Amino acid sequence: MRLEGTKHLQLYAQKAHHYEAFIVANKEGIQELIEALNKALLEGESKADLYPSDGEGYKLYIKLLNNNDVDLFESLEMPYTDQFGLKNTHIYYEHQHKDKNAPYHPIILFKDDDSNK
């Protein structure tokens with residue numbers, strides 16, 4: 001494997017609340033992330049094509065929320081990996097939300113994506 005010439009970026013999510021999260025990347029991966037963040041700031045959302053160390057590419061989705069999107073933000077499932085197993089137990093979801101179907105996976109924010117169909 002070579003890092004040079006490929007946008008390598010690995011995201012390590014929080015295990016649970018108050019745990020740390022990590023981004024480990026090469027220069028090209030960080031540049032792709034910066035470009036995607038800047039595009040989201042301008043256009044409201046963006047995607048980046050990145051690669052972890054096994055070379056299996058993935059899309060990183062970025063969504064800019066407005067300050068009045070509190071209900072939407074609270075309707076999303078929590079990002080903590082401790083809740084995932086054979087079934088996502090949502091053990092960290094603590095928002096009292098009007099929508100009884102919540103929490104939702106964040107892919108719902110990207111309505112025009114093929115993976116959401």
What whole number of Å gives the distance from the Cα centroid of segment 1-52 to the Cα centroid of segment 56-75?
15
Using a Gaussian network model on the chain with a 10 Å cutoff between Cα atoms, which of His18, His105, His95 fluctuates the most?
His18
Could you grab the relative contact order for segment 1-113? Cα pairs under 8 Å, six or more apart, rounded to a whole percent.
22
Note on segment 9-116: alpha-carbon gyration tensor, axes a ≥ b ≥ c; rule is a/c under 1.5 for rounded, else prolate if a/b larger than b/c, else oblate; result oblate
So the number of lysine pairs in the chain with alpha-carbon atoms under 18 angstrom apart, 8 or more residues apart or on different chains, is 18
Top of Asn26, Asn38, Asn101 by mean-square fluctuation, Gaussian network on the chain, Cα under 10 Å:
Asn101
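Just so you know, all these numbers are worked out from the coordinates, no wet-lab data involved. Just so it is clear, the model here is predicted, and its values are computed rather than measured.
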